[in-house]
Amino acid sequence: GCLVFYPDGWFEALQMPCVQLKAGPQIGETTKKWEVFDDDENAFALPRGFAPHASPVTVVADWVVEGGGLAFTGAGISKESGVPTFRDGDGLWQRYDAMEVSSIGGLAGEPAKVWAFEREFNDILARCKGPNPGHVALAEMEAAGCVDLLVTQNVDGFHQAAGSKEVLELHGSEVHAICLNKPCGHRIEMKTIFETSETLDPAADGSIWSPLAKGWGVRWPERPEDTPLQRSVREQLAVLQRPPKKKRKRAAAAGGSTADAKPQGATVGGSSGSKSPAASSDTASDADSSDGSSSSGSSASQSSEEARKKISKACAARPLSKEEEERGPPECRVPLCPRCRTGILKPDGIYFGETLERKILERSVRQSEKSRVVLMVGTSGTVDPAARLPLIAKKKNGAKIVEVNIKDTRLSKVADIRLRGQSASVLPRVQRLVAAHPRLAELQAQRAEKVRRAANTASSP
């Protein structure tokens, strides 16, 4: 094997893994550091063949500058900002029971425990670096008109903070909470909740936290001393536990999907930078067929039935132990909506047992079907139906698939080019080549003219 060096500074292993010795030793170190580069087969996948002017990163920039780009991001890009994962060796699910603190049953059964977890989750996010250069590069490529939509499995809000405008959060947002009082539905930032003192008089303006009381969740039997507010909160939580109605297969294929497992995490428990749930449901089998593959009716039916059982389990509150029955409910507070004052707040991420937002999933699929290039960034590709989006793009529109990751993934085999490395270093290189591309201004003008003509057509009688 050998290392191939391109004029633009990119290099890669060819045919066999190669070892690169890094400069060193550094201060305090006794040995030099080294790094292994695996053959990613890019040299034989380049459109114009193995040529000095056509490094993988240059080819990717050529594709991106044409426009029609879809960015699909996962845990890896947030992990580079310091957001811990849920499932890795040091992930949050090693310290917490996911079904207690991140499921519908857990929230309904004991909301105070879930909110204690959410406080730690947001403390971790606050200590992170925030958006890294990879987030910023994606936002700048969107501003240049090269990336039309960003679909993320992360829940940390870093893409929006970096400047991305067109962002779809498949697994919701852990930096916001929503009111469960249906007539209200107010949405509030998490930092506002945790910046508000729990000891503030509940009747005071700006108060969020409830009075100190016992038995806020449905795990505990109702008591004569329960207040009307507690009974109202119990009913709101009980509504969450009711499983979604069974949908016709056609409707499910359009976009409804249910989360029954959490994949990689976010800071306190998701894909490396966000709580991301693995989706598997009535629509999982339909999503499989969306990219051109097929599954038998019997296997799809069996999969749907298994998913429904998992959903029911995730929605059920854990029964009380004998010790808990003897001890009784703990005294605690829960956050209430500052607008209606009667609705309990729920983190706006997708929990085990919840369905993915139909409109968001539908738009993701529509965009995939018309995308010319897909940037898969920091995702393992193990969570369906999200992982099906690049496959849909390739099947429906012949899109070029670019993987940016530090390791092999489930989707590596479908990638046209693989840019191995951290997104915080790889994506800025792509963005700089796009910004300096000789055809960028011409292509931007063409896209602007196309938009103008479409607007004139729509406004004409």
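Structure values in brief
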{"read-out": "Extended-chain gain in nm, criterion 0.36 nm per residue less alpha-carbon gap, R452 and Q94", "value": "123.6 nm"}
{"read-out": "Rounded D (µm²/s) - region 69-174, Kirkwood Rh over Cα pairs, Stokes-Einstein at 10 °C, 1.306 mPa s", "value": "107"}
{"read-out": "Nitroxide proxy distance, nm - points 7 Å out along Cα→Cβ at V19 and C2", "value": "2.0"}
{"read-out": "Computed label-point distance, nm, for sites A441 and S460 using a 7 Å Cα→Cβ extension", "value": "3.0"}
{"read-out": "Net length gained if the chain between K182 and E323 were fully extended (0.36 nm per residue, minus Cα distance)", "value": "47.2 nm"}
{"read-out": "Convex hull volume of region 309-436 per residue (C-alpha atoms, cubic angstrom)", "value": "231"}
{"read-out": "Per-pair calculated FRET efficiency, R0 = 30 Å: K396 and A143 via Cβ, rounded to 0.05", "value": "0.70"}
{"read-out": "Inter-site label distance for D201 and R363 at 7 Å from Cα along Cβ, in nm", "value": "4.3"}
{"read-out": "Cα-based shape type of region 138-253, given that a ≥ b ≥ c are square roots of the gyration tensor eigenvalues and the cut on a/c is 1.5", "value": "oblate"}
{"read-out": "Note, ³J(HN,Hα) from phi for region 374-384, Karplus 6.51, -1.76, 1.60, rounded to Hz, x at Gly and Pro", "value": "10, 9, 8, 10, x, 10, 7, x, 9, 10, 8"}
{"read-out": "For L149, distant residues with modelled amide H under 5 Å away", "value": "A71"}
{"read-out": "Efficiency of FRET between S425 and R223 - r from beta-carbon atoms, R0 56 angstrom, step 0.05", "value": "0.45"}
{"read-out": "By average C-beta atoms within 10 angstrom, highest first, the peptides 452-459, 100-107, 432-439", "value": "100-107, 432-439, 452-459"}
{"read-out": "Hits among aspartates and glutamates - C-alpha to C-alpha of K407 under 18 Å, sequence gap 8 or more where chains match", "value": "E12, E35, D38, D39, D40, E41, E80, D88, D416"}
{"read-out": "Electrostatic dipole magnitude of region 352-417 [Cβ: Lys, Arg +1; Asp, Glu -1; Cα centre; debye, to 20]", "value": "320"}
{"read-out": "Over region 165-232, equivalent-ellipsoid semi-axes from the Cα gyration tensor in Å", "value": "27, 17, 11"}
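Each reported figure results from applying straightforward, stated rules to the coordinates on display, with no laboratory input. Just so it is clear, the model here is predicted, and its values are computed rather than measured. Using ideal geometry, Cβ is built from the backbone for each residue, glycine included, and neighbour counts are taken over all protein chains shown.
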